[in-house]
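The values are calculated or read from the model by the stated rules, or taken from the named source; none is laboratory data. All of these numbers come straight from a predicted model, not from anything done at the bench. Reconstructed Cβ throughout: ideal geometry from the backbone, glycine too, with neighbour counts over all protein chains shown. Protein only, heavy atoms only, side chains kept; ligands, DNA and RNA dropped before computing areas. Shrake-Rupley method; radii C 1.70, N 1.55, O 1.52, S 1.80 Å.
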Amino acid sequence: MAAQPLKCLVLGGDGVGPEVIAQAVRVLDWFRDVRGLPIALTEHPYGLSAWQTQGHILPAHTLQAVHDSDAILFGAIGGNYDGVPMQVRREGSVLRLRRELGLFANLRPVRHWPALDGAAPLRREVAGGADIALVRENTGGLYFGTPRGTETLPDGRKSAFNTQRYATDEIERVARFAFELARTRRNRLCSVDKSNVLETGVLWRETVTALHQREFADVALTHMLVDNCALQLVRAPTQFDVIVTDNMFGDILSDGAGAVSVSLGMLPSAALGALRADGRPAALYEPVHGSAPDIEGQGIANPIGAILSAALMLGHSAQLAAEAQLLERAVEAALDAGARTADIAAPGETPIGSVAMGDAILSALAALNSRA
Ligand code: IPM
Ligand code: MG
């Protein structure tokens, strides 16, 4: 095990965030107590509960902890923010965290789970074996471009506008991350853009192509237009290894790709930045699903997206690939044994709650550990 303990900040956030993160924390506690993982977890308020009690979504001491930590495990924010001024919302948003920490690469792995075929929207012949690493540019593009705003035109109509803007270095660093990732996998990268219409798409394609020629000629590079990619992800997902795309397209395609994993509740993510002096990237790990206020407090949310986000933390921040694999195998074993939350239950299967799913994964871990 690595010598330096990992300072992990836990931010449950809003909606089902705290419920799913609680299960991921149990799993990380297990790795600490049973496998000797050097990790120190601290929890801070973030989101609506922080607004209600402290008047800030992201209180100063939480922000301080964000900067002091090695890795953040984050649930979700979102829900009923009526009455919270837009400015306060922006200041506290996860977009701000991504940007402030320079988390330019958002890794969203999507894979087929054979045990879930009964509930799957895609046939096994289509999705079987699919294993995709979608890399979304995370700190630029339409989400952050300026000018942006809403104005009233002289004739009284309202008009709103955003700016899509990318510079070559922003494209290069996320593409470099994706090329390097491809080298650790099946050595294929598909770069996705809208170069038939957008200048940003033309620059995207040119920049990725030039970087490929300069530094990554050994990786098989292809290009795809984003609309076609949306179709290919559900028509023939096994054609992909690593995908790299811009912020907005990555947001949309990663939800769409969720069909391969049956439910958005299964999807983890890692938002990663440049390597720091200790060799670890700045990092924030979060399930892709969001706050799901409609099922908040019912104890039925699928914690697997959060638990697999903890697995990404084991791999990328703790840099213990074997531990990350062990956790993924435990999730697989729990699913093979029939554990299902409501979102992944096939007709006739009895769903269990978030805590019971945590239990199932912890027993699978214990079983795998005693066999090793
Ligand atoms: C995601 C989410 C966020 C995004 C929202 C909640 C701001 O949809 O992480 O995919 O658009 O990035
Ligand atoms: Mg999204």
- Anyone know which of 313, 266, 224 comes out most mobile in the 10 Å Cα GNM of the chain? 224
- Task: Work out from phi, with θ = phi - 60° and the Karplus expression 6.51 cos²θ - 1.76 cosθ + 1.60, the ³J(HN,Hα) of each residue of the range 259-276, listed in order in whole Hz, and give x for Gly and Pro.
- Result: 4, 5, 9, 6, 9, 4, x, 8, 8, x, 8, 10, 9, 10, x, 5, 5, 8
- Would you kindly give the portion of the calculated P(r) for the range 91-194 that falls above 24 Å, as a percent of all Cα pairs? 48 percent
- When the dipole is taken about the Cα centre of the range 129-220, and only Lys, Arg (+1) and Asp, Glu (-1) are charged at their Cβ, what size is it in debye, to the nearest 20? 240 debye
- What is the magnitude of the charge dipole of the chain about its Cα centre, with +1 placed on the Cβ of each Lys and Arg, -1 on the Cβ of each Asp and Glu, and no other charges, expressed in debye to the nearest 20? 480 debye
- Task: Give me the net charge of residue 269's neighbourhood, meaning all other residues with Cβ under 9 Å from the Cβ of residue 269; Lys, Arg count +1, Asp, Glu -1.
- Result: +1
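What's the carbon and sulfur percent of the range 131-214's accessible surface, probe 1.4 angstrom, rounded to a whole number?
About 51 percent, which is the carbon plus sulfur part of the accessible surface.
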- Could you tell me what % of all Cα pairs in the range 1-85 have separations over 17 Å? 50 percent
- Query: When you take every Cα atom in the range 185-331, what is the radius of gyration, and what is Dmax, the widest Cα pair distance, in Å?
  - Reply: 17.1, 53
- Note on the structure: Between the residues 79, 127, 243, the Cα farthest towards the positive end of the dipole of the chain, that dipole coming from +1 and -1 charges on the beta-carbon of Lys, Arg, Asp and Glu, is from 243
- Item | Net charge over other residues, Cβ less than 13 angstrom from the Cβ of residue 61 (K, R count +1; D, E count -1) | -2
- Query: For all pairs of alpha-carbon atoms in the chain, what percent lies in each bin of width 20 Å, listed from the first bin to the last filled one?
  - Reply: 28, 59, 12, 0
- Message: Which trypsin sites (Lys or Arg not before Pro) in the range 199-287 sit in a loop by DSSP (not H, G, I, E or B) and have at most 16 other Cβ atoms within 10 Å of their own Cβ?
- Response: 276
- For the chain, the per residue accessible area (1.4 Å probe, Å²) is 42 Å²
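About its Cα centre, how strong a charge dipole does the range 1-73 have in debye, to the nearest 20, once Lys and Arg get +1 and Asp and Glu get -1 at the Cβ?
Here the range 1-73 has a charge dipole of around 160 debye.
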- Task: Would you work out the relative contact order for the chain, in percent, from Cα pairs under 8 angstrom that are 6 or more residues apart?
- Result: 21 percent
- Note on the structure: Expected sort for 315-326, 238-249 on mean C-beta neighbours within 10 Å, highest first, is 238-249, 315-326
- Sum of side-chain charges, residue 75 neighbourhood, beta-carbon under 10 Å (Lys, Arg +1; Asp, Glu -1): -3
- Message: Restricting to Cα pairs below 8 Å that are 6+ residues apart, what does the relative contact order work out to for the range 176-271? Please round to a whole percent.
- Response: 33 percent
- Can you give the three extents of the C-alpha atoms in the range 37-99 along their principal axes, from longest to shortest, in whole Å? 42, 24, 19
- Query: Can you give the relative contact order of the range 78-235 as a percent, counting alpha carbon pairs under 8 Å and 6+ residues apart?
  - Reply: 17 percent
